[in-house]
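What follows is a single structure, written as structure tokens, with notes after it.
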Amino acid sequence: MFILKLQLFYMKSHKFEFKKLDKKGERCSNTEIGFLLPYRLESLEYFMKKIYSRDEFCIGCHLCEVYCRLQHSESGNLLKAFKKEFPHPLAAVRVEEKGNLALSVRCQHCEEPLCLYACLGGALSRNAESDMVSYNPVKCIGCWSCILACPFGAIKQDKEQKRIFKCDLCIGEAMPACVTNCPNEALVYIDSPENDSDRLCDNHNQAEKIKGGV
Amino acid sequence: MEEVKYLIIGNSAGGIGAAEAIRQVDDDGAVGIVSAEPYPAYSRVRISEHLACGCPLEDILFRPADFYETNDIHFIPGRKAEGLDAKAHIIRLDDNTEISWQKLLLATGGLPIMPPIKGINKKGVFSFTNLDDAIQIDKYLGDIGEAVVIGGGLIGVSATEALVKRGVRVTVVEMKERILNTILDEETSAMEAAAMKQAGVEIIAGSTVTEINSDKANPEKISSVTLDDERVIPCRLVIVAIGVTPRTELAASGGIEVNRGISVDSSMATSQPDIYACGDVAETYDFVYGENRLNPIWPSAYLGGRVAGFNMAGVPTIYQGSTVMNTMKYFGVDIASAGITVPPDDSYRVFSHRNCDIYRKVVIKDNCVVGMVFAGDIEKSGIIFNLIKERLDVSQFCELLTTDDFGLTCLPEELWRPQLALPAN
Ligand SMILES: Cc1cc2nc3c(=O)[nH]c(=O)nc-3n(C[C@H](O)[C@H](O)[C@H](O)COP(=O)(O)OP(=O)(O)OC[C@H]3O[C@@H](n4cnc5c(N)ncnc54)[C@H](O)[C@@H]3O)c2cc1C
Ligand code: SF4
Ligand code: SF4
């Protein structure tokens with residue numbers, strides 16, 4: 001069991017007014033409050049590794065999408081996966097491009113997963129071992145409630161199977177397929193963005209090894 | 001007398017949200033959950049599946065069956081809390097047992113509204129808000145071929161879909177001029193109505209049912225309904241789905257301040273010390289309207305419960321608020337909507353885009369998004385919903401919000417970089 005430490009923290013500097021009701025239901029007092037869930041979980045053993053984009057290196061080649069799809073296909077074969085498989089494998093990552101900016105977006109396994117709190121089927125849960133927000137396809141009813149709740153638009157609609165599809169960090173693999181296969185090292189799989197460059201390098205070496213090893 | 005540290009009345013979205021928050025910060029304090037329903041926490045939204053295809057209870061539970069055991073929660077199913085003594089910190093159950101608590105959460109949800117229509121007490125008239133309703137309708141249905149659903153809101157449409165799947169011909173009677181009028185705009189409600197008609201559903205909008213009739217020979221059973229324009233619709237089953245009203249009687253019995261729902265402050269506390277409320281029973285902060293309102297939807301029940309749970313466990317937490325937000329897939333039409341979908345006057349600006357089945361609309365007031373409706377492709381609806389929540393000034397990019405390639409990169413970097421990307425060197 002993780003030892004959890006809660007710390008007050010205001011995610012946004014701007015504030016808005018909160019109106020309290022009086023007995024007759026009219027507003028009587030305005031108290032300023034901080035914005036957005038003003039708590040943050042700080043687990044002492046919180047080693048939730050995440051995938052971060054390095055947008056300045058991203059050339060918008062969409063290979064992360066290709067390899068994500070491939071990783072989640074039945075056949076694991078590039079040609080079969082796209083032409084012959086039904087239901088079609090999906091990519092849990094999306095590359096956005098605007099002007100010079102290219103950004104690879106996927107689920108960030110948030111500390112406060114709004115998708116999970118909105119889930120009507122009980123399909124989303126916090127994985128006790130890995131801490132990731134994992135998804136149980138059997139429980140999913142395709143109600144899309146989680147999609148409206150996710151601030152990053154990170155959840156996909158699998159219209160063929162009438163349920164969602166989202167990033168599972170390629171559970172079971174040493175490194176998520178998108179990170180391994182990004183030709184420009186524009187994706188990293190690390191503990192936190194503030195981490196030292198050593199660890200960043202470590203991950204890259206690991207990715208290189210995996211790439212070289214296959 | 002049993003003593004618990006935390007007592008939760010109501011075993012649904014709000015109650016479970018609170019219990020999970022409490023257990024996240026307090027492993028030891030005794031938690032009790034009292035539920036009038038005899039089942040472990042199931043998803044209310046999925047009762048239509050039970051009706052449509054006999055989906056068993058285990059399948060519609062939204063937490064594992066061993067949830068109470070693993071979280072060391074004393075679950076008291078099938079018991080109604082009937083009396084609340086706020087001063088003495090005691091709750092009395094319907095079997096006269098008493099439980100004393102230190103912190104109490106009222107997550108008692110809503111009750112279906114049953115309008116005073118002539119014949120509403122007849123056999124064959126049902127509401128549709130809990131599993132027992134679905135079980136009873138299922139038992140009663142037999143070879144019934146025609147039904148009337150009163151109310152074209154989310155619950156009515158959900159019941160209609162289940163009945164259609166059972167091969168029943170359904171007529172939906174909606175009082176207002178269109179179905180789903182409180183959550184959708186004209187376009188999307190027309191899309192949904194078209195899909196329903198395609199499935200053989202008849203929709204009578206702008207009408208109300210004035211009487212539920214029986215044959216003389218069989219006064220117990222329903223034979224038809226009469227509308228306000230004297231039309232008679234034959235049917236043998238009626239589902240009343242005109243809405244829910246907060247179930248506040250327990251709160252009122254304890255002297256808690258009740259407006260339309262239980263009044264709560266930003267920590268979900270009621271007017272009585274140590275008593276909290278959340279979900280369909282409470283009037284909680286709505287960030288679109290800037291005031292407390294009833295928002296009877298699942299995500300606000302869970303989040304409100306979560307905030308209440310933290311506060312009950314002594315971790316000061318503030319409820320950010322919510323607003324009406326809905327997604328649906330009924331009859332194959334995917335729709336996501338939130339906030340104000342139909343601007344009430346011309347001080348609002350509207351951007352919309354339609355390409356066949358794909359439709360996007362955002363409603364803007366004072367440079368902030370205050371509402372949205374997406375249909376067809378709804379994957380990015382959450383990004384817009386987040387803008388509503390953040391009350392961000394969108395004047396610089398408002399015309400991009402409804403385009404095909406709208407995404408996070410259209411937004412200021414502060415909104416996505418901290419979570420998604422490494423700081424650029
Ligand atoms: C058919 C249907 C479809 C819906 N679809 C959606 C949807 O798509 N999206 C969405 O967001 N929401 C939807 N909702 C609404 C959603 O289910 C509710 O907002 C949510 O369940 C509210 O949770 P709650 O915890 O406040 O209360 P409830 O779910 O109403 O639960 C309250 C519980 O408390 C118990 N209780 C009440 N009083 C007492 C007492 N005195 N003693 C003991 N127990 C008591 C009740 O028996 C009940 O089990 C739908 C609802 C229905 C019925
Ligand atoms: S789906 Fe969205 S809200 Fe849920 S954990 Fe992932 S990024 Fe966060
Ligand atoms: S679509 Fe699936 S995962 Fe998303 S909220 Fe609905 S049941 Fe949960």
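Kindly check whether there is at least one residue in the stretch A:146-158 that is surrounded by fewer than 20 Cβ atoms within 10 Å (Cβ to Cβ) and at pLDDT below 95. Checking the stretch A:146-158: not a single residue is surrounded by fewer than 20 Cβ atoms within 10 Å (Cβ to Cβ) and at pLDDT below 95. Here A:L103 does not fit the description of being at pLDDT 95 or above and within 16 Å of ligand 1 (Cβ to nearest atom). Residues in the stretch A:108-118: is at least one small (G, A, S), within 16 Å of ligand 1 (Cβ to nearest atom) and touching a helix residue (DSSP H, G or I) at 6+ places or on another chain (Cβ under 9 Å)? Yes, some residue in the stretch A:108-118 is small (G, A, S), within 16 Å of ligand 1 (Cβ to nearest atom) and touching a helix residue (DSSP H, G or I) at 6+ places or on another chain (Cβ under 9 Å).
Evaluate the following for B:R79: is it assigned by TED's automatic domain parsing to the domain that holds B:A301 and open to solvent by 20 Å² or more (accessible area, probe 1.4 Å)? Criteria met by B:R79.
Among the residues of the stretch B:1-34, those that are open to solvent by 10 Å² or more (accessible area, probe 1.4 Å) and within 16 Å of ligand 3 (Cβ to nearest atom) comprise B:S12, B:E20. With respect to the conditions (1) within 13 Å of chain A (Cβ to nearest Cβ); (2) closer than 30 Å to B:L141 by Cβ; (3) out of contact with any Cys (no Cβ under 8 Å at 6 or more places or on another chain), B:N213 lacks only one, and its number is (1).
Listed here are the residues, each with its yes/no results for (1) of a type in the set (D, E); (2) part of a loop (DSSP other than H, G, I, E, B).
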{"site": "B:N96", "(1), (2)": "no, yes"}
{"site": "B:W101", "(1), (2)": "no, no"}
{"site": "B:L104", "(1), (2)": "no, no"}
{"site": "B:L111", "(1), (2)": "no, no"}
{"site": "B:M114", "(1), (2)": "no, yes"}
{"site": "B:K123", "(1), (2)": "no, yes"}
{"site": "B:D132", "(1), (2)": "yes, no"}
{"site": "B:I135", "(1), (2)": "no, no"}
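When the residues of the stretch B:281-299 are filtered to those that are among the aliphatic types (A, V, I, L, M) and farther than 18 Å from B:G382 by Cα, the one that is most open to solvent (accessible area, probe 1.4 Å) is B:L294.
Taking the condition of being in contact with a Lys or Arg (Cβ under 6 Å, 6 or more places away or on another chain) and open to solvent by 70 Å² or more (accessible area, probe 1.4 Å), how many residues in the stretch B:92-110 meet it? Residues flagged as in contact with a Lys or Arg (Cβ under 6 Å, 6 or more places away or on another chain) and open to solvent by 70 Å² or more (accessible area, probe 1.4 Å) within the stretch B:92-110 amount to 2. Note on the stretch B:248-294: enclosed strands (runs of 3 or more DSSP E) holding 2 or more residues that are away from chain A (no Cβ under 13 Å) are B:275-277. Of the set (1) modelled with pLDDT under 95; (2) in a strand (DSSP E or B); (3) of a type outside the set (A, V, I, L, M), all apply to B:D377 but (2).
For the stretch B:409-425, residues that are open to solvent by 20 Å² or more (accessible area, probe 1.4 Å), more than 7 Å from every other protein chain (Cβ to nearest Cβ) and part of a loop (DSSP other than H, G, I, E, B) total 2.
The set of residues in the stretch B:373-383 being facing chain A (nearest Cβ under 9 Å) and either among the polar types (S, T, N, Q) or buried (at least 22 other Cβ atoms within 10 Å of the Cβ) (or both) consists of B:F374, B:I378, B:K380, B:S381, B:G382, B:I383.
For the stretch B:384-408, a tally of residues being open to solvent by 40 Å² or more (accessible area, probe 1.4 Å) and facing chain A (nearest Cβ under 8 Å) returns 2.
Taking (1) facing chain A (nearest Cβ under 9 Å); (2) in a loop (DSSP other than H, G, I, E, B); (3) within 27 Å of B:E202 (Cα to Cα) in turn, B:T327 satisfies each apart from (2).
Look at (1) small (G, A, S); (2) away from ligand 1 (no atom under 16 Å from the Cβ); (3) open to solvent by less than 30 Å² (accessible area, probe 1.4 Å) and you find that B:G200 fails only one, number (3). For the stretch A:118-143, the candidate set comprises residues that are open to solvent by less than 10 Å² (accessible area, probe 1.4 Å) and more than 9 Å from ligand 2 (Cβ to nearest atom); within that set, the residue that is farthest from the other protein chains (Cβ to nearest Cβ) is A:A123. Of all residues in the stretch B:161-197, those satisfying the criterion of being closer than 23 Å to B:A338 by Cβ and open to solvent by less than 10 Å² (accessible area, probe 1.4 Å) are B:I179, B:L180, B:L184, B:D185, B:T188, B:S189, B:E192, B:M196. Of the residues making up the stretch A:119-154, those that are within 16 Å of ligand 1 (Cβ to nearest atom) and not aromatic (F, W, Y) number 17.
Filtering the stretch B:245-270 to residues that are surrounded by 18 or more Cβ atoms within 10 Å (Cβ to Cβ) and among the hydroxyl-bearing types (S, T, Y) leaves B:T248, B:S263, B:S266, B:T270.
Determine whether the stretch B:332-348 contains at least one residue that is within 13 Å of another protein chain (Cβ to nearest Cβ) and open to solvent by 40 Å² or more (accessible area, probe 1.4 Å). Yes, the stretch B:332-348 contains at least one residue that is within 13 Å of another protein chain (Cβ to nearest Cβ) and open to solvent by 40 Å² or more (accessible area, probe 1.4 Å). Restricting attention to the stretch A:53-78, report how many residues are within 14 Å of chain B (Cβ to nearest Cβ) and touching a strand residue (DSSP E or B) at 6+ places or on another chain (Cβ under 7 Å). Count: 8. Take the conditions (1) farther than 22 Å from B:I383 by Cα; (2) within 16 Å of ligand 3 (Cβ to nearest atom); A:V133 misses just one of them, which is (1). Output the qualifying pairs, or none if there are none: Cβ atoms under 8 angstrom, residues six or more apart or on different chains, first residue in the stretch B:257-285 and within 16 Å of ligand 2 (Cβ to nearest atom), second residue modelled with pLDDT of 95 or more. Listed by first residue and then by second, the contacts come to nothing, as the list is empty.
The values are calculated or read from the model by the stated rules, or taken from the named source; none is laboratory data. If you're wondering where the values come from, they're calculated on a predicted model, not measured in any experiment. Reconstructed Cβ throughout: ideal geometry from the backbone, glycine too, with neighbour counts over all protein chains shown. Just so you know, the surface numbers come from the protein's heavy atoms only, side chains and all, with ligands and any DNA or RNA stripped out. Shrake-Rupley method; radii C 1.70, N 1.55, O 1.52, S 1.80 Å.
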